[in-house]
1. Give the long-range amide H neighbours of A:Val342: residues separated by 5 or more places, or on another chain, with amide H under 5 Å away, using H modelled in the peptide plane at 1.01 Å from N.
2. Write down the radius of gyration of chain A and its Dmax, each obtained from C-alpha positions, in Å.
3. Mind checking the mean number of beta-carbon atoms from other chains within 10 Å of the Cβ atoms in A:20-32?
4. Once you charge only the Cβ atoms, +1 for Lys and Arg and -1 for Asp and Glu, what is the size of the charge dipole of chain A about its Cα centre, to the nearest 20 debye?
5. Give the residue list of trypsin sites (Lys or Arg not before Pro) in the range A:1-103 that are DSSP loop and have at most 10 other beta-carbon atoms within 10 angstrom.
6. Near B:Lys194, which lysines are there with a Cα under 22 Å away, not counting those fewer than 8 places off in the same chain?
7. Go through the range B:175-277 and name the GluC sites (Glu not before Pro) that are in a DSSP coil and have 11 or fewer other Cβ atoms within 10 Å of their Cβ.
8. What is the projected area of the convex hull of the Cα atoms of the range A:6-94, averaged over all directions, in nm²?
Amino acid sequence: MKMDNSLVNNEVFVCVQCHYCRVCPAYSVLKWESVSPRGRIYMLKGIIKGEIEPDGEAVEDFYKCTTCGACEAVCQTSIPLIDVWERARAEFVNSGKAPLPVHKKLRDVAKKNGNPYGEKRGERGRWAEGYEFKSGAEMIYFAGCTASYRMTELARSTVEFLNKMGIDFTYAEEDEHCCGSPFLRTGQRDIAYQFFRKNYEEWRERGVKTIVTTCSGCYRTIAKDYPEIARELGYKWDFKVIHTVHLIKELVDGGKLEFEKSNDRVTFHDPCHLGRHMKVYDEPREILRKMGYEVVEMEHTKEESLCCGAGGGVKSQFKDLAMEIGKIRIDEALKTDADFVVSACPFCKLHLNQAGEGKIHVRDIVELVNERAKPLNTGKT
Amino acid sequence: MIEGVPFRDDFLERYLCSHDVSSPPLIKRFFKIADGVFQPEKEEDVLRILKFAEKKKIPVIPRGAATSGYGGVIPVRGGFVVDFTRMDRFEIDEDGRILVSEPGAVWWDIERELNKKGLTLRVYPTSAFSSTVGGWIAQNGYGVGSLAYGSIAENVTRLRVADFRGVNETENIHLYAGLEGTTGMITKAWIEVKEFEEMQAYAFHVSPEKAVKLVFSSDSYSALFLDEKYIRMKNSVHSTQIPEKDTLVVVSKKKLDGDESLGNEIWEARFYPMKIKRLGPGIIPAEVIIPSERLSEYLQRISGWNAGSEVWFIKEKLCAVLSFLPWDERKASYTYQWRFAVKALKTAKKLGGRSYSSGLYLSRESKEIFPGYNELLRFKKEVDPHNLLNPVKVFPSGIISKIMALAGVF
Ligand SMILES: Cc1cc2nc3c(=O)[nH]c(=O)nc-3n(C[C@H](O)[C@H](O)[C@H](O)COP(=O)(O)OP(=O)(O)OC[C@H]3O[C@@H](n4cnc5c(N)ncnc54)[C@H](O)[C@@H]3O)c2cc1C
Ligand code: SF4
Ligand code: SF4
């Protein structure tokens, strides 16, 4: 097969095969070279040199990667590995070797419904029954698919919090589409571009200037991938994209928000898409401390943090692997003796709660903030 | 293949386990790829693999993290790769200050645990984030701490080794260290560690001659010299602004009058010697051991090559010089530029030095690397009469060593 992407073509020759990237969560569980980042790079190099024609098993192993970025953080030669994985996956898709069956199914489903969960598009905003939204505002809340259909308490907490704070915002309900993250991560770029167009037009129509997300996956996609896609497609990109933790931190720093204090001991799980992908580490911890929590760190934290195991299409295609990785993270959390784990991503919360099987509870920071928020100035911000 | 022992023989895994960090031109076409990859979980698994290989007369090639660059892990004649990844348990005898480790344990994982107990490794390679106990002993390298403590072999007190006859526990470290699994597979090692002490890195802008004097007049723990060209290369890929001058870094518990902040900056980057590969992309390495009083002359003689060098000082007034010539691996001229490695070795030998290691590519150098070479050869024949334990490595035979000998002529 051909591997035409220029980034992939250059970077594979930069790798020294040092194996520092053995920190990979998938490799830690499976132990075979073909699921190590070093092995993936060597396989790509082999394809480029015409020494290997990947078969189905080889492509499957290549996809046993959550795109968590742990490899990129330690890479001896600073290879932008997340981009390499994603671009290479797009090449597998172009050459007909991918998507893998479940990823293809997600695509078919999402094409029809605007979300990969197979839920009806008209029900996207069902969680929001009882709330009222303006049709236009400078800020839009982008709920994302997981919070809209599976972790609705996060969407509700966000909206309640924004309302408490008197923030002027809009929400697109059924006109919000999947951000495209699952498809960018699995190499199915074309459908992500379609979603980009739909969301973009919706935001323009509503006069939006700032997009706020509670989901770290959506945040990474809209803040990092969308500007690139806009450039590629010739759209003007002037939106400000923030995660709820940025907004909360700003309100706290601006003296507009205080909290009912808690003495609980908590540990923060850095979502890969918020931490390593976007370098947001301190804000959630500072917010938790302001809330009175004792924040204890797991052995691997911030840049070294372990992945929950769900991302990059791993949970959908390789459930057992996702669970194994999740269990390792839960074990680390248990060792801290924290009362519960806090994260800032519905996908992490969902997955870690499943992997933890009730041994320790995982909550999202926006839920805690909403429960304990004491707005000091409810004037419009 | 062998019940209960993790094994794969699909093309991808075999392909991926048939190379090391080196990218030598041309000769790769003479290498086979592995017939399969075993991942033993315990010593008994290793014995079963050896029995199976002996019965079928198939080579067995031990593999740690495959971070070595002399071809030691390459299954040149095919055979089974024995990947020690899963044998990574270790214990620390705090009172005796001894680490007892399986071969697949990674140096830095061990260091983290030692530190928790107020202990630290005496020596470790700068690949410590990934390289393994078995791999470094089998390679017998020098590294951080070698100024005070010598090679890894000098710090190993006992080994357990598996061969076709069974398992043997021995204090004859020299029968295995540096021999790259050609005389047996290391299944356990006893290694001396030391008390953790606060140390500081100090930088000095000095010539190689002065560096040698400074290093051997103090009793420091470790010392590293970077030449101006190497620093220039580092700056361009690390986006650092280290003064582009010959620089010595000495690590010591005593206060020295060098630059602490620069010393720390360079010391922290010690784990990334190959970051400069981005410049090629590709590097041609030349690694030699020379008497330290000839260091300046050696660096002078290879200076026409535009390679950058880093030098690790070793007790007994030796130094390991590692020089890198960045070159685009995809260019036809890459093959030609490998003359650099050959010329550098020739230069070192003229100055009383030798190759850093042997392995596959430089097995013809073994006689000079191992003082008791003939005894080792006899031992090899005794334990491995069918030449199945990592064949063609260390003890030269076959086409590769002939090609390498030919390369030496030019
Ligand atoms: C970034 C970087 C820095 C480096 N720094 C140093 C340094 O400071 N000093 C240095 O000496 N080297 C250095 N090296 C080279 C290499 O890392 C060392 O030789 C290393 O210790 C090899 O360990 P490994 O686990 O990767 O072994 P491998 O490369 O897997 O194996 C090395 C040899 O040992 C054999 N072997 C492996 N396991 C066993 C076993 N259990 N029993 C018997 N034989 C076995 C293999 O067949 C092979 O011949 C560096 C390499 C890199 C990439
Ligand atoms: S992105 Fe994460 S899962 Fe993927 S190869 Fe890198 S470390 Fe492994
Ligand atoms: S850390 Fe980077 S350079 Fe080293 S093997 Fe992994 S991808 Fe290659």
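All of the numbers you see were taken from the coordinates with simple rules; none came from a lab. It should be emphasised that the depicted structure is a prediction, and the values quoted were computed from it without experimental measurement. Ideal geometry is used to build each Cβ from the backbone, glycine not excepted, and the neighbour counts take in all protein chains shown.
1. Amide H neighbours of A:Val342, under 5 Å, 5+ apart: A:Thr267, A:Phe268, A:His269, A:Arg363.
2. 20.5, 65
3. 3
4. 460
5. Sparse-neighbourhood loop trypsin sites (Lys or Arg not before Pro): A:Lys2.
6. Counting by Cα, and skipping residues close in sequence, B:Lys194 has these lysines nearby: B:Lys116, B:Lys117, B:Lys253, B:Lys254, B:Lys255, B:Lys315.
7. Here the sparse-neighbourhood loop sites are B:Glu197, B:Glu198.
8. The orientation-averaged projected area of the Cα hull of the range A:6-94 comes to 5.1 nm².
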